[in-house]
Each structure stands twice: as structure tokens, then as C-alpha cells.
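Some notes on the structure that comes next.
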Amino acid sequence: MAKLLDGNATSKSIRAEVTQAVAEFKAKHGYAPGLAAILVGENPASAIYVRNKGLACQEVGMFSETIIMPKETTTAELVQLIQRLNGDPRFHGILVQLPLPKQISEREALLAVSPSKDVDCLHPFNVGRLVDGTAELLPCTPHGVQQILIRNGYSPEGKRVVICGRSNIVGKPLLNMLVQKKAGANATVTVCHTGTRDLPSVTRQADILVAAMGAPEVITADMVREGAVVVDVGINRIPDATKKSGSRIVGDVHFPSVSEKAEAITPVPGGVGPMTIAMLLVNTLTAAKMSAKA
């Protein structure tokens with residue numbers, strides 16, 4: 001049975017580090033790092049995510065505020081709000097919760113966020129710095145993947161990493177992070193996607209396999225090399241008549257079979273999810289430090 005890479009435990013240690021660093025920041029500067037979260041509409045999952053992020057900020061001593069806008073909000077109205085927050089010194093990080101309602105241009109909204117407050121690292125300026133290896137803010141989920149590996153003794157250095165998924169949120173940024181000539185990176189990275197031929201033959205080459213495909217339990221035991229480390233970024237809800245809710249949450253990996261073959265594996269839930277929030281706290285603190293030096 002594979003070793004469980006516990007995201008709750010690993011993120012707890014990171015939060016403890018952030019709590020200490022926030023206390024030191026407040027003692028030095030007289031104010032707390034601040035995060036503004038924008039929620040447009042009434043998406044229940046998004047509301048839960050934003051609430052959890054706000055609670056996490058409070059736990060480490062940060063200032064946070066959630067601005068809820070009606071689902072009918074226009075792109076212009078959202079951009080106007082973002083621009084106001086860009087100029088508000090209380091906030092060092094701005095988070096636009098995705099997905100946005102269909103009438104809003106996601107690209108325009110993300111471009112409106114000041115790169116220095118872009119704690120999700122989705123602005124093209126920060127994406128460019130990620131590619132050239134000079135980023136001060138790192139995308140939260142990929143950074144969480146990297147940290148859960150490093151802190152559990154599975155550094156990607158010198159390893160063959162296969163990433164299944166090429167999204168702008170996980171696949172592409174994780175590729176760019178892990179190929180850098182840096183500690184905790186320096187890996188040989190392959191990115192697979194819907195155009196990849198004979199996917200299992202590629203995934204079986206991985207020392208570290210990262211599943212970020214957005215499809216339930218598609219990575220099965222026959223696709224994993226014996227002794228590989230498997231990181232499951234997916235979160236999918238599937239029907240389950242045995243549950244009171246009528247459904248349950250699974251990852252992109254078929255956990256029961258793959259856990260019998262892998263050396264280590266992240267659970268869903270309780271794996272990458274908590275790490276994402278922890279790295280958001282790290283980014284908010286980093287952004288505050290950047291602002292204090294400016």
C-alpha cells in the first residue's frame with residue numbers, strides 16, 4: 001500500500017510558518033498582510049472555497065475581506081472594482097474567484113488585477129516571469145504540488161515527471177516551475193493532453209505522475225509504473241447511492257488500484273486542496289513584503 005501524502009498535515013506546517021512570519025511582519029510594519037477575494041454570483045462551490053480562504057487568512061493573522069457581487073455583474077463593473085482594490089493599501093493580494101458568469105470576460109478581469117497583487121499568478125506579466133524563472137509569486141496549486149513532494153521527501157530534482165493536463169491553472173505553470181534549474185525543480189517534464197497518443201505508454205515512464213485532467217478516475221493502475229509517486233490534482237463529484245448526498249468526491253486517479261502500485265499518493269480530498277490554500281497564504285505574505293519594499 002502506498003504512503004499517503006497528507007495535504008492537511010503538510011499544509012498545517014506551512015500555515016505555522018506563515019503565522020510566525022505574519023507576526024514578524026506586523027511587528028515590523030504595524031499592519032497585517034491583506035487579501036481581497038471577489039465572488040461574483042452564487043456558485044455554491046465557489047462560495048465554500050472563498051469562505052475557506054478567508055478563514056485561513058484569519059487563522060494566520062492576515063486581514064481579509066470578501067466582496068460578493070450579483071451574478072448580473074458586467075465586465076466593466078468587475079474591472080472597476082478590481083481597479084479600486086488595486087489602489088487600496090489594505091490589500092496586498094486580490095483573488096478573483098473562478099469561474100465567472102458567462103457574460104463576464106475572464107481575460108479582461110484577470111488583466112485588470114495589478115501584477116503585484118496577483119496572488120493567483122494568472123496575469124501575463126507573472127506568467128512570463130514564471131517562464132523565465134524570476135517569479136516572486138508562484139501559482140498556488142502547482143506550488144502546492146511542488147511543496148507536498150519536497151516536504152515529504154520526493155523532490156522532483158533529476159526525476160522524470162509526467163503531467164496529465166495542460167491547463168493554464170495547473171499543467172502549464174507546473175511544467176514551467178519544474179523545468180527550472182533550481183532546487184526542488186530541475187526535472188525532465190512531459191505534458192500529456194487529449195492529443196497524446198498511447199497515453200499509458202507515456203505515463204508508465206513517470207517517476208512522478210501528476211493527474212490534472214478534470215475527469216474522474218481516468219488514471220488506472222495499468223498506467224502507473226511500480227513505485228511511482230502519484231499526485232492527484234483532480235476533484236470530481238460522481239453519483240453514489242450509498243451516500244446521503246447521493247454522490248461522493250473522487251480525484252482523477254482510481255485511488256483503490258493505483259495506491260496498491262505506487263510508492264506514494266495524494267488522497268482526494270485532503271491532498272492538493274489544502275496545499276493550494278496554504279500557498280495562497282504564502283503568496284499574500286510575499287506580496288505584502290514586496291509592497292513594503294516598494
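The values are calculated or read from the model by the stated rules, or taken from the named source; none is laboratory data. Because the structure is predicted, anything quoted here is derived from the model rather than measured. Using ideal geometry, Cβ is built from the backbone for each residue, glycine included, and neighbour counts are taken over all protein chains shown. Surface accessibility is based on the protein's heavy atoms, side chains included, excluding ligands, DNA and RNA. Shrake-Rupley method; radii C 1.70, N 1.55, O 1.52, S 1.80 Å.
Using a ≥ b ≥ c from the Cα gyration tensor of the stretch 1-40 (square roots of the eigenvalues), is it rounded, prolate or oblate, where a/c under 1.5 gives rounded and otherwise the larger of a/b and b/c decides, a/b for prolate? Oblate, because a/c is 1.5 or more while a/b does not exceed b/c. Surface calculation, 1.4 Å probe, protein heavy atoms: residue 90 sits at approximately 110 Å² accessible.
Expressed in units of 2.2 N^0.38 Å, where N is the residue count, the Cα radius of gyration of the stretch 62-116 is 1.09.
Per residue, how much accessible surface does the stretch 135-261 expose to a 1.4 Å probe? Answer in Å², no decimals.
46
Take every DSSP beta bridge whose two residues both sit in the chain; close to 10 percent of them are antiparallel.
Rolling a 1.4 angstrom probe over the chain with all protein chains present gives an accessible area of which 54% lies on carbon and sulfur atoms. For the stretch 175-294, the gyration tensor built on C-alpha atoms gives an oblate shape. Its axis ratio a/c (a ≥ b ≥ c) is at least 1.5, and a/b is not larger than b/c.
Listed by chain and number, the lysines whose alpha-carbon sits under 20 Å from that of residue 261, ignoring those within fewer than 8 places in the same chain, are 3, 159. Using only the Cα atoms of the stretch 1-122, build the gyration tensor, take square roots of its eigenvalues as a ≥ b ≥ c, and label the shape rounded, prolate or oblate: rounded if a/c is under 1.5, else prolate if a/b is larger than b/c, else oblate. In terms of gyration-tensor shape, oblate.
Pairs exceeding 20 Å between alpha-carbon atoms, taken from 117/289; 26/289; 12/293: 12/293. The distance linking the stretch 37-57 with the stretch 233-294 is 16 Å (Cα centroid to Cα centroid, whole angstrom).
Only protein heavy atoms count here; on that basis, with a 1.4 Å probe, residue 240 has an accessible area of about 20 Å². Of the peptides 152-158, 172-178, 227-233, 9-15, the order by per-residue mean of other Cβ atoms within 10 Å, starting with the highest, comes out as 227-233, 172-178, 9-15, 152-158.
Normalised by the number of residues in the chain, the mean separation of alpha-carbon contacts (under 8 Å, six or more apart) gives a relative contact order of 22 percent. Note on residue 102: lysines with a C-alpha under 19 Å away, same-chain residues under 8 apart excluded, are 71.
With an 8 Å Cα cut-off and a minimum separation of 6 or more residues, compute the relative contact order for the stretch 177-248 in percent. Working shown, then result.
On the way: 80 pairs, mean separation 16.3, N = 72.
Relative contact order comes out at 23 percent.
Heavy-atom accessible surface of residue 84, to the nearest 10 Å², is about 140 Å², with a 1.4 Å probe and all protein chains retained.
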